[in-house]
Amino acid sequence: IIFLIIYKKRGIDASAYVTMLYIITSFAAILMDALNLIEPKLSNPSFPATIVYCLLLGLIILPVYRFNSKSIRNIKVTHIKAIDLLVYIFFAAFLFTLIAYWPDIIFKLTYGDWAELRLLLARGDSLSIVHFSGIMRIVSVFFGFVGSASFILFPIFFVSLIYLKKPWWYCLMALLSTTNVILNGIIGIDRSSTFKWLLFLGLSLVIFFPRI
C-alpha cells in the first residue's frame, strides 16, 4: 500500500525504491519459509510481530520519503579538493586490492564451488594465497578498510559527472573505485557484497539518472 501511494504521487523515487526492496525481500522471506528453506526456524510469526515489523518499516521509509529525491535541482559543492582527495584515495585502494590480491581473486573466482570455500573458511582453514607482513600488512588493512566504504563513491561519481563536469577519466576512476567492495567480497568469499553494490547502484540511478 505504501509503495502504491508513493508511486502514484511521485513515481519511482528513492522512497519508492526502498519500499520496493522491502516488498521483494518480505515476499522472498515468506516464500523461503513456506518451502522450508530456512533451517532452523528460530521463531513463529505472529500478528503483533507483523504489526511491529510494519511500523518499523514505516519509520525507516519516512525519512527517505521526506528527503524527496525528485526535488533535487542542483548540488553545490564547496570543497572540491576534498572530493578529489577522496577519489584518489579510493582509487589507490582499488588498484592496490586488484594488483596485490590478484592471485586470490583469480583462485576464488575459478574455484567453482563457493559453498565449499565458505565451509572451509568457517572451519578455520586459510584460503589466502597472498600473505603480507610488516608495513605491507598495515597498508593492506588500511586499504581494506577504505574499500569497505567504497559505496560513498556512487554519489560522488554522479555529482562529478552531472554537476562538476569532471573529465571522463576522473569519472571512470570514481566508478571503478566503487567496485572495491566487490573485490573485498571475492577475497573474503562474501557474495552479499556484490548484492549490496547492486542495491546502492540502483538507488543512485533512481536519484541521479533523470538528471543525466
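The values are calculated or read from the model by the stated rules, or taken from the named source; none is laboratory data. Remember, it's a predicted structure, so these values are computed and weren't measured experimentally. All Cβ positions, even for glycine, are placed from backbone atoms using ideal geometry, and neighbour counts span all protein chains on display. The area values use the complete protein model at the heavy-atom level, side chains included, leaving out ligands, DNA and RNA. Shrake-Rupley method; radii C 1.70, N 1.55, O 1.52, S 1.80 Å.
Taking only the Cα atoms of the chain, the radius of gyration and Dmax are 20.7, 58 Å. Measuring between their Cα centroids, region 56-85 and region 91-119 lie 33 Å from each other. Based on the convex hull around the alpha carbon atoms, region 134-212 presents an average projected area of 5.8 nm².
Taking 2.2 N^0.38 Å as the expected size of a compact globular protein, what ratio does the Cα radius of gyration of region 68-172 give against it, to two decimals? Mind dumping the intermediate values first?
Details: Rg = 18.4 Å, N = 105, 2.2 N^0.38 = 12.9 Å.
For region 68-172, the normalised Cα radius of gyration is 1.43.
Per residue, the chain exposes an accessible area of 64 Å² to a 1.4 Å probe, with every protein chain left in place.
Enumerate by residue number the trypsin sites (Lys or Arg not before Pro) in region 113-190 meeting two conditions: DSSP loop (anything except H, G, I, E, B), and at most 12 other Cβ atoms within 10 Å of the site's Cβ.
On the way: sites: R118, R123, R137, K165; in loops: R123, K165.
Answer by residue number: R123, K165.
Please state the relative contact order of region 108-210 as a whole percent: Cα pairs under 8 Å, 6+ residues apart?
With pairs under 8 Å counted, the relative contact order is 29 percent.
Given the C-alpha atoms of region 168-212, compute the convex hull and give its volume per residue in Å³.
Values: hull volume 2.4 nm³, N = 45.
Once divided by residue count, the hull of region 168-212 is 53 Å³.
Each Cα pair under 8 Å and six or more residues apart adds its sequence gap; the mean of these over the residue count of the chain is a relative contact order of 25 percent.
Share of the chain's accessible area from carbon and sulfur, percent, 1.4 Å?
73
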